[in-house]
Structure formats: structure tokens, C-alpha cells
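The values are calculated or read from the model by the stated rules, or taken from the named source; none is laboratory data. Model, not experiment: these values are computed from the prediction. We place every Cβ from the backbone using ideal geometry, glycine too, and count neighbours over all the protein chains shown.
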Amino acid sequence: MTSTTPDPRHGARELALQGLYQRQVAGNADAAIRASLEESEGHARADPRYFDALWRGVTGAWDALLAASAPHSARAIAELSPIERAIVAIGTWELVHRQEIPYRAVIDEAVELAKAYGGTDGHKYVNGVLDKVARSVRAAEIAAASRRSGRPTGAP
């Protein structure tokens, strides 16, 4: 049986994605965007503590997150759509700063966001970039998962 109750962390990611999109497209101040998001209907479905950590983490380290993901991208990060760029930043932040979340869960969440909000094949691109970021920042976790599954370390 699957749950029909939305995951509050997924809601936090969606809310952060909306804000990061607005930040890139409209150029509004982070505090104004955050205040607007906190008053939005989506905030009721989001984990407020996780949203707070995610918003502060991604907006505070935006340039560093994009720089960390750039070597793993076949295209210049500036060429990505604002949605894909925001999802890559969210996923990179979670891979680096939320070690308690399994790397596969981080990537799966990012792919779901890209499928829901991104371009036609944006989810494939997001998956590829974050998989490479994960191999860089979560090498020990990936190696342990590979040993448990019997697959070579480089296998998806």
C-alpha cells in the first residue's frame, strides 16, 4: 500500500524550488521571497524546519553549490534552465550537507522535481549531474552500497 499523504520534506523541496526559481527569474531579495513562501499554501504541506535549513543553505551557498556541480555537468551551469539549475543546487546541498539522507534518495527526489517542473528530458540531465556529484562527495557511501549489492563501485 502506498501513502497518499505528501512527504513534508518533498513539500519543503518544492517550496524551495519555487523560491529559487523566483530568485533567478525576478531577482527578488531572499527575505522577501522567503516571506512570500511562508505565507503560501504550499508552506502548510512542507516540513518547516527542513524548508528553513534548505532555504538558508542553498541561498547562502548558491555560488559555491553551482561551482561544485559545474565540473560534473556537460553544459555550463549558466546554460541550464532556472528550474534545472535550482534542482541541481538543492540536490548538491543535500548531498554535501545532509549525510543522513541516502544519496539515492537525494537523487530520486531531485529527479522527481525535474519530472514535475522541468523540461522534457531535464530529469535525465539532473540525474546525471547529481550522480557524478554523489560519486565525488559520497564515495564511501556509494562503495558501501556497491559492496552490499555485489555491484561494482562505478555501477549505478
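Yes or no: L80 within 20 Å of F51 (Cβ to Cβ), buried (at least 19 other Cβ atoms within 10 Å of the Cβ), modelled with pLDDT of 90 or more and not charged (D, E, K, R)?
Values: within 20 Å of F51 (Cβ to Cβ): no; buried (at least 19 other Cβ atoms within 10 Å of the Cβ): yes; modelled with pLDDT of 90 or more: yes; not charged (D, E, K, R): yes.
When the stated conditions are applied, L80 does not pass them.
Among the listed residues G91, G150, G119, G60, identify the single one that is loosely packed, with under 15 Cβ neighbours inside 10 Å and modelled with pLDDT of 95 or more. Can you show your working first?
Numbers: G91 fails: loosely packed, with under 15 Cβ neighbours inside 10 Å; G150 fails: modelled with pLDDT of 95 or more; G119 fails: modelled with pLDDT of 95 or more.
Every option except G60 fails the conditions.
Is there any pair with a first residue in region 41-62 that is free of Cβ contacts under 8 Å to residues at least 24 places away in the same chain and under 13 Å from V96 (Cβ atoms) and a second that is surrounded by fewer than 17 Cβ atoms within 10 Å (Cβ to Cβ) and of a type in the set (K, R) whose Cβ atoms are under 8 Å apart and which are 6 or more apart or on different chains, and what are they?
Correct list of pairs: empty, since none qualify.
Pairs only if they're at least six apart or on different chains, beta carbon under 7 angstrom, first in region 65-83 and at negative phi and touching a residue at least 60 places away in the same chain (Cβ under 8 Å), second aromatic (F, W, Y) and surrounded by 11 or more Cβ atoms within 10 Å (Cβ to Cβ); list them, first residue then second.
As it stands, the answer is P82/Y21; I83/Y21; I83/Y117, since those pairs meet every condition given.
Just checking, does region 21-43 include any residue being closer than 28 Å to A143 by Cα, hydroxyl-bearing (S, T, Y) and crowded, with 18+ Cβ neighbours inside 10 Å?
First, the residues of region 21-43 that are closer than 28 Å to A143 by Cα: none.
No, that holds for no residue.
For residues that are among the acidic types (D, E) and modelled with pLDDT of 95 or more, tally how many sit in region 1-29. Working first, answer last.
So in region 1-29, the residues among the acidic types (D, E) come out as 7, 14.
With the extra rule that they be modelled with pLDDT of 95 or more, the set shrinks to 14.
So the count comes out to 1.
Residues to consider are K115, K124, K132; find the one that is charged (D, E, K, R) and in contact (Cβ under 8 Å) with a residue 12 or more places away in the chain.
K132 is the lone residue from the list that is charged (D, E, K, R) and in contact (Cβ under 8 Å) with a residue 12 or more places away in the chain.
Name the one entry in Y117, Y103, Y50 that is over 30 Å from A144 (Cβ atoms) and not aliphatic (A, V, I, L, M). Walk me through it before giving the result.
Working: Y103 fails: over 30 Å from A144 (Cβ atoms); Y50 fails: over 30 Å from A144 (Cβ atoms).
Unique residue meeting the criteria: Y117.
Would you mind finding the one in A74, A105 that is out of contact with any Lys or Arg (no Cβ under 7 Å at 6 or more places or on another chain), surrounded by fewer than 21 Cβ atoms within 10 Å (Cβ to Cβ) and more than 17 Å from A12 (Cβ to Cβ)?
Numbers: A105 fails: more than 17 Å from A12 (Cβ to Cβ).
Residue meeting the stated conditions: A74.
Residues being in contact with a helix residue (DSSP H, G or I) (Cβ under 8 Å, 6 or more places away or on another chain) and in a loop (DSSP other than H, G, I, E, B): count how many of those fall in region 24-49.
Selection size over region 24-49: 4.
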